[in-house]
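Below is one structure, written out as structure tokens, with a few remarks after it.
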Amino acid sequence: TNDALAEVQNKISTGYRVAEASDNAAYWSIATVMRSDNKALSTVQDALGLGAAKVDITYTGLNSALDVVDEIKAKLVAAREPGVDRSKLQDEISELQAQLVGIATSSSFAGENWLSVNSAAPAYSKIKSIVSSFTRTTTGVQVQLMSIDTASTELFDAADQSGILDSVFTTTGAGAVTVSVSTLDVSAATLDDADIDDLIAFVDSKLQLITTAASDIGATKKRVTLQQDFVTTLMDAIDRGV
């Protein structure tokens, strides 16, 4: 009677009918492996949280940059108006350009920045990875990674100026100048209307690139969220299995 009572009390206190190997060695072994896998999935949850933060910050930065570049485009259109004081417009554009640099450099999390990069740095890679899942197969365990290509999101590249906002373009008007979105200057005396038209088209093309980048990162953000939900559901299912 005492043995039976102790067994019942053990089941109540642990919540498990098979709480020790002596209760049922085969089932205890299965449950132990499942609990270990759930602990690994808990770490995956944390990794997905970090990844989601990086994606979210990048998405926010791109959206902010989009608004600023849109403002620069509007100022260029205003510069096309005959008699307008282009030096005053440039004062405003210069502030917007400084804001773009600030957005890109501050869009960083856990030491990673997907908007302002240096492609010549030893540790640089345009492909970023996020731990997304942990699975057990008949051949062993495996960690899955979610890969994100950030080549299209880079606004500034300190190594070769190949980012969206620091890549250069040469206007075709009489006052031909070579500029980027972050360096263009409408107050230059040599610029004619054809040059301004070229700059408007150039900035608009960069606006489209940022829009595409934000759209891609937005899709990645949704994918990470779905994976977070899946891992949570999977952990609950394993708990029920145990």
Based on what the data block shows, is residue 230 among the aromatic types (Phe, Trp, Tyr), open to solvent by 10 Å² or more (accessible area, probe 1.4 Å) and modelled with pLDDT under 95?
yes
If I ask for residues that are surrounded by fewer than 20 Cβ atoms within 10 Å (Cβ to Cβ) and either hydrophobic (A, V, I, L, M, F, W, C) or touching a Phe, Trp or Tyr at 6+ places or on another chain (Cβ under 6 Å) (or both), which ones from segment 58-67 would you list?
66
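Here is a yes/no grid of residues against (1) in contact (Cβ under 8 Å) with a residue 12 or more places away in the chain; (2) open to solvent by less than 50 Å² (accessible area, probe 1.4 Å); (3) small (Gly, Ala, Ser):
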site	(1), (2), (3)
17	no, no, no
21	no, yes, yes
25	no, no, yes
41	yes, yes, no
49	yes, yes, yes
Restricting to helices (runs of 4 or more DSSP H) lying wholly in segment 2-112: which have 1 or more residues that are at pLDDT 95 or above?
25-79, 86-106
If you scan segment 113-137, which residues turn out to be part of a loop (DSSP other than H, G, I, E, B), more than 25 Å from residue 228 (Cβ to Cβ) and of a type in the set (A, V, I, L, M)?
120, 121, 123
With the structure loaded, tell me whether residue 37 is touching a residue at least 40 places away in the same chain (Cβ under 8 Å) and within 23 Å of residue 232 (Cα to Cα) or whether it fails that test.
yes
Quick one: is residue 219 at negative phi, surrounded by fewer than 20 Cβ atoms within 10 Å (Cβ to Cβ) and over 28 Å from the mean Cα position of the chain (by Cα)?
no
Restricted to segment 117-151, and to residues that are hydrophobic (A, V, I, L, M, F, W, C) and in contact with a Leu (Cβ under 7 Å, 6 or more places away or on another chain), which residue is modelled with the lowest pLDDT?
134
When segment 190-203 is checked residue by residue, the ones that are exposed (fewer than 15 other Cβ atoms within 10 Å of the Cβ) and in contact (Cβ under 8 Å) with a residue 12 or more places away in the chain are 190, 192, 193, 194
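Of all residues in segment 132-150, how many are open to solvent by 50 Å² or more (accessible area, probe 1.4 Å), aliphatic (A, V, I, L, M) and under 28 Å from residue 103 (Cβ atoms)? I'd like the intermediate steps shown before the answer.
Of segment 132-150, the ones open to solvent by 50 Å² or more (accessible area, probe 1.4 Å) are 136-139, 141-145, 147, 149.
Still in the running and aliphatic (A, V, I, L, M): 141, 143, 145.
Narrowing the set further to residues that are under 28 Å from residue 103 (Cβ atoms) leaves none.
Within segment 132-150, residues that are open to solvent by 50 Å² or more (accessible area, probe 1.4 Å), aliphatic (A, V, I, L, M) and under 28 Å from residue 103 (Cβ atoms) number 0.
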Segment 225-236 residues that are touching a residue at least 40 places away in the same chain (Cβ under 8 Å) and under 18 Å from residue 54 (Cα atoms), paired with ones that are open to solvent by less than 50 Å² (accessible area, probe 1.4 Å) and of a type outside the set (Val, Ile, Thr) (beta carbon under 8 Å, 6 or more apart):
225/52; 227/48; 227/132; 227/133; 227/146; 228/48; 228/49; 228/52
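The values are calculated or read from the model by the stated rules, or taken from the named source; none is laboratory data. These figures come from a predicted structure and were not determined experimentally. Here the Cβ is made from the backbone with ideal geometry for all residues, glycine too, and neighbour counts use every protein chain on show. What goes into the accessible areas is simple: the full protein's heavy atoms, side chains included, and nothing from ligands, DNA or RNA. Shrake-Rupley method; radii C 1.70, N 1.55, O 1.52, S 1.80 Å.
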